[in-house]
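Taking it in order: structure first as structure tokens, then the write-up.
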């Protein structure tokens with residue numbers, strides 16, 4: 001099984017998990033990890049992401065297409081509307097060769113980019129709903145490690161994030177991420193001209209230790225450094241970089 005297929009299958013499972021956990025939530029409940037949003041807002045966002053990704057996979061544009069902006073007719077139809085948007089995306093990814101060129105949000109400008117991106121889009125938003133329900137999201141170390149590397153690989157491809165990181169203004173300092181439940185370690189070098197990130201052990205200007213799943217949620221701004229983590233070195237640098245890097 002190639003990575004395109006593997007990530008597609010994992011993405012389909014995450015879609016199902018998102019729909020399942022959302023069905024247990026009050027659509028009017030606030031989502032603490034997405035300030036200002038309710039569960040209904042999150043469902044609308046995810047449904048529009050599905051429709052947007054479907055157009056990309058089918059039309060294979062060379063530039064970023066406009067975002068989708070649709071919505072269900074009434075609150076009672078949110079989950080049906082969500083499922084109706086997910087089904088064509090699943091079909092498109094199943095039927096399209098991963099090596100097909102198309103615009104993507106990261107450096108890999110091929111259709112194979114999208115099942116990987118979809119997998120972690122759904123995983124993070126599933127965690128959002130679980131946090132809204134007062135649960136602690138559970139992410140396996142292996143899955144989270146791939147998610148950390150997906151985040152770091154695509155980091156500078158997000159225009160707003162890249163602009164915030166440039167404005168952050170540091171260059172040469174390092175942030176080290178250390179998983180406590182596996183062998184995952186990553187070092188990020190700050191600065192527009194820096195090499196970016198690499199796996200492996202190193203001593204960072206700032207370092208943070210936690211489970212791999214918690215580190216993934218930290219990168220995505222779902223946790224704060226003073227929650228669930230051990231922080232070493234320059235804590236202000238870590239907090240500032242995370243604030244700039246999170247989407």
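The values are calculated or read from the model by the stated rules, or taken from the named source; none is laboratory data. For clarity, every value in this text was computed on a predicted model and none was experimentally measured. When we count neighbours, we look across all protein chains shown, and the Cβ atoms used for this are built from the backbone with ideal geometry, even at glycine.
Things to note:
- Residue within the stretch 109-118 that is touching a residue at least 24 places away in the same chain (Cβ under 8 Å), over 19 Å from residue 246 (Cα atoms) and surrounded by fewer than 20 Cβ atoms within 10 Å (Cβ to Cβ) present: no
- Residue in the stretch 66-83 that is under 19 Å from residue 114 (Cα atoms) and part of a helix (DSSP H, G or I) present: yes
- Of all residues in the stretch 182-201 being assigned to a loop (DSSP other than H, G, I, E, B) and surrounded by 15 or more Cβ atoms within 10 Å (Cβ to Cβ), the one that is farthest from the chain's Cα centre (by Cα): 191
- Flag for residue 222 being touching a residue at least 40 places away in the same chain (Cβ under 8 Å), within 25 Å of residue 34 (Cβ to Cβ) and out of contact with any strand residue (DSSP E or B) (no Cβ under 9 Å at 6 or more places or on another chain): yes
- Qualifying residues in the stretch 6-24 (those that are free of Cβ contacts under 8 Å to residues at least 60 places away in the same chain and more than 18 Å from the chain's Cα centre (by Cα)) - the one farthest from residue 150 (Cα to Cα): 23
- Some residue of the stretch 37-59 being assigned by TED's automatic domain parsing to the domain that holds residue 23, free of Cβ contacts under 8 Å to residues at least 60 places away in the same chain, outside any helix (DSSP H, G or I) and under 24 Å from residue 217 (Cβ atoms): yes
- Counted residues, the stretch 91-108 - those being closer than 17 Å to residue 18 by Cβ and surrounded by fewer than 18 Cβ atoms within 10 Å (Cβ to Cβ): 0
- Residues that are surrounded by fewer than 15 Cβ atoms within 10 Å (Cβ to Cβ) and outside any helix (DSSP H, G or I) within the stretch 8-28 comprise 23, 24, 26, 28, listed in sequence order.
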